Amino acid sequence: MAKVPAGARDSYAGYWYFSSVLDDPYAKWTPPAPPWQFCFNDSFLSIPWRAEMYEEVKKLNAQYAKAGLAKAEVLVTDSNNNIDVQLSQFNNLVRQGCNVIISIRLRRLACARL
């Protein structure tokens, strides 16, 4: 329990039954220097609220870019509701050097008659 912050220890009651507490892998992590590459990975951008969200991300990115914290363009993908394509696109965004990836995938609801 020495690895767990004092304020969070109450939430770890019984942890020994199902997991181990390991060292914090981010304890010595430092973010890369700006400008950062922001990316938007979506499963279907034709839905109005998703398109609006993408536009909002572009506006926010422009503010960061103006301050020298982000690259000017947001990289975007749309998998047309194909999860295999979306995962491949996500991996490609990582390979392209995206520092921040906003990813949206909603599961389809299925109904069954009883």
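The values are calculated or read from the model by the stated rules, or taken from the named source; none is laboratory data. From a predicted model like this one, the values you see are computed outputs, not experimental measurements. Reconstructed Cβ throughout: ideal geometry from the backbone, glycine too, with neighbour counts over all protein chains shown. Quick note on the areas: whole protein, heavy atoms, side chains included, nothing else; ligands and nucleic acids left out. Shrake-Rupley method; radii C 1.70, N 1.55, O 1.52, S 1.80 Å.
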_Looking at Gly7 and the list (1) touching a Cys at 6+ places or on another chain (Cβ under 7 Å); (2) over 23 Å from Val100 (Cβ atoms), which single condition is not satisfied?_
(1)
*Residue selected from the range 54-89 under the condition acidic (Asp, Glu) and without any contact (Cβ under 8 Å) to a residue 24 or more places away in the chain, by the criterion surrounded by the most Cβ atoms within 10 Å (Cβ to Cβ)*: Glu73
_For the range 23-45, which positions are of a type outside the set (A, V, I, L, M, F, W, C) and either in contact (Cβ under 8 Å) with a residue 24 or more places away in the chain or within 15 Å of Gln86 (Cα to Cα) (or both)?_
Pro31, Pro32, Pro34, Pro35, Gln37, Asn41, Asp42, Ser43
*Determine whether the range 39-50 contains at least one residue that is among the basic types (Lys, Arg) and either within 30 Å of Ala2 (Cα to Cα) or open to solvent by 70 Å² or more (accessible area, probe 1.4 Å) (or both).*
no
